[in-house]
1. Looking only at Leu56, Leu243, Leu225, which one moves most when the chain is put into a Gaussian network model with springs between Cα atoms under 10 Å?
2. Please work out the Kirkwood hydrodynamic radius for the range 183-331, using every pair of different C-alpha atoms, and report it in angstroms with one decimal place.
3. For the range 26-177, what number results from the quotient of the Cα radius of gyration and 2.2 N^0.38 Å?
4. Take the alpha carbon atoms of the range 257-333, find their center, do the same for the range 76-90, and report the distance between the two centers in whole angstrom.
5. Before anything else, pin down the relative contact order of the chain: Cα pairs under 8 Å, at least 6 apart, normalised by residue count, whole percent.
6. If the viscosity is 0.692 mPa s and the temperature 37 °C, what Stokes-Einstein diffusion coefficient in µm²/s follows for the range 206-257 when Rh is the Kirkwood radius over Cα pairs?
7. Under the rule of -39500 (n - 2.57) per DSSP H run of 4 or more residues, summed and divided by the residues of the chain, what mean residue ellipticity at 222 nm is obtained, to the nearest 500 deg cm²/dmol?
8. What is the projected area of the convex hull of the Cα atoms of the chain, averaged over all directions, in nm²?
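Nothing in this text is a laboratory measurement; each read-out follows from the coordinates by a stated rule. Note that the structure is predicted; figures quoted are calculated from it, not measured. Cβ coordinates were reconstructed from backbone atoms using ideal geometry, including for glycine residues, and neighbour counts include every protein chain displayed.
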Amino acid sequence: MKTIVKIFYWLLGIVAILVIVAFLLPKTYKVERTILIKSNPDVIYGLTSNFQQWHLWVAWTKEVDSTAVFEMTGEAAKVGTSWAWNGKILGNGEMILTELLPGQLIGYDLAFDHGKYRSKGKIIIENQGDSIKVSWLDEGDLGYNPIDRYFGLFMDMMMGPDFEKGLAKLKKVAEERNNWPMIDENVIPSQTVIMVVDSAGPKEYSSVMGRAFGELYGFLQAGKLVQAGSPFATYIKWDSVTLFSVMKICIPVEKADKGKGRIQISTLPEQKVVRAIYFGPYSKMEPAYRSLGQYIKETGKIETGGPSEIYITNPMVEKDTMKWETHIVFPVK
C-alpha cells in the first residue's frame with residue numbers, strides 16, 4: 001500500500017512539475033518563412049489575395065487529401081471573404097481575409113477544429129533588389145492550457161514545411177507569369193451602345209472594323225450623342241479553323257433613341273468579367289488570349305459569352321503600336 005501511495009505522489013509531483021514548466025513556456029508562437037521571387041509584386045499579390053488562386057500554390061490541396069471539400073464565401077480578394085475546408089487528412093478549418101494592401105500585404109484570421117485553435121497570419125510582399133521578398137508568417141496565442149503550451153513548441157515543425165512548400169510553388173507559378181499581361185476581375189456596368197453587327201475573316205478585320213467605326217462615329221456626331229466609354233468589339237461567333245467571326249462593333253453613349261440603317265441601339269446588362277490589359281498591335285494579341293484562358297480555367301470560372309476587345313488607345317492619334325492599350329475581357333460566372 002505504501003508503495004502505491006509513493007507512486008501516486010511521484011506521479012502527482014511529475015504532473016505538478018510539468019504544469020509549472022508549461023507556464024514557463026512561451027504563451028505565444030510564431031512560424032515564419034521567406035523566399036525571393038523574380039516577379040511583379042502585383043502578380044504575387046493576385047495569387048495570394050484571391051483564395052480562388054490558392055490551390056495553385058499552397059500545400060493543402062486535393063492532391064494531399066482527396067476527401068477535402070473547399071468552399072469560398074464572399075467576393076474574391078475582398079476583406080471578409082472566407083475560405084473553408086473539411087477533409088479526413090486536412091481536418092476542418094477556415095481562413096478569413098482581414099487586411100489587404102494591394103501589392104504589399106495580405107492579412108488573415110485562421111481557425112482549426114471548429115474554431116478551437118485560432119491564429120493570425122500575414123503574407124508580406126517587399127521589393128528587395130531585383131527580386132521580391134515574400135514572407136509568410138502565422139502567430140497564435142496559446143492561452144493558459146498547459147497542453148497547448150507544450151503543443152506550441154512543435155508549431156514551427158508542423159507548419160513550417162508546408163509554408164516552405166507553398167512559397168516554393170508560389171515562386172514557380174509567379175515567375176511563369178512574368179510574360180503574362182496584367183489580369184484582374186472586374187464588373188462592367190450596364191451601358192447603352194450604338195452598334196453594328198458585321199463579320200470578317202482574318203484578312204478583312206481591319207477594313208470591316210474601320211468601316212463600322214466610321215459609320216458609328218458619323219452617327220454619333222450627326223445625332224450630337226455623348227460618348228460614354230471606349231469603343232469595343234464583342235465576338236459572338238468564332239471559327240477556330242477559318243478564323244472567321246461575327247462581331248458586335250460598339251460605342252457606349254449616354255443615351256440614344258433610335259438607330260439608322262444598320263446602326264442599332266442596345267442596352268447591355270451588367271457583366272462580371274475577367275480582364276487582360278494588353279499593350280501592343282492588334283495582330284499580336286493571341287498570347288494574351290491564351291493567358292486569359294488559362295486564368296479562367298485555373299480559377300474554375302465558366303465563360304458566359306464571347307470575348308470583347310475594348311480599345312482604350314485611339315490608333316489614329318497614337319502611332320506607336322507598342323503603346324496601344326487594349327482590354328480583353330471575358331464574361332464569366
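1. Result: Leu243 has the largest fluctuation of those listed.
2. For the range 183-331, inverting the mean 1/r across all distinct Cα pairs yields 16.1 Å.
3. 1.03
4. Value for the Cα centre distance between the two parts: 31 Å.
5. After rounding, I find 16 percent.
6. It diffuses with D of about 268 µm²/s by this estimate.
7. Helix contribution divided over all residues of the chain: -9000 deg cm²/dmol.
8. So the Cα hull casts an average projection of 23.4 nm².
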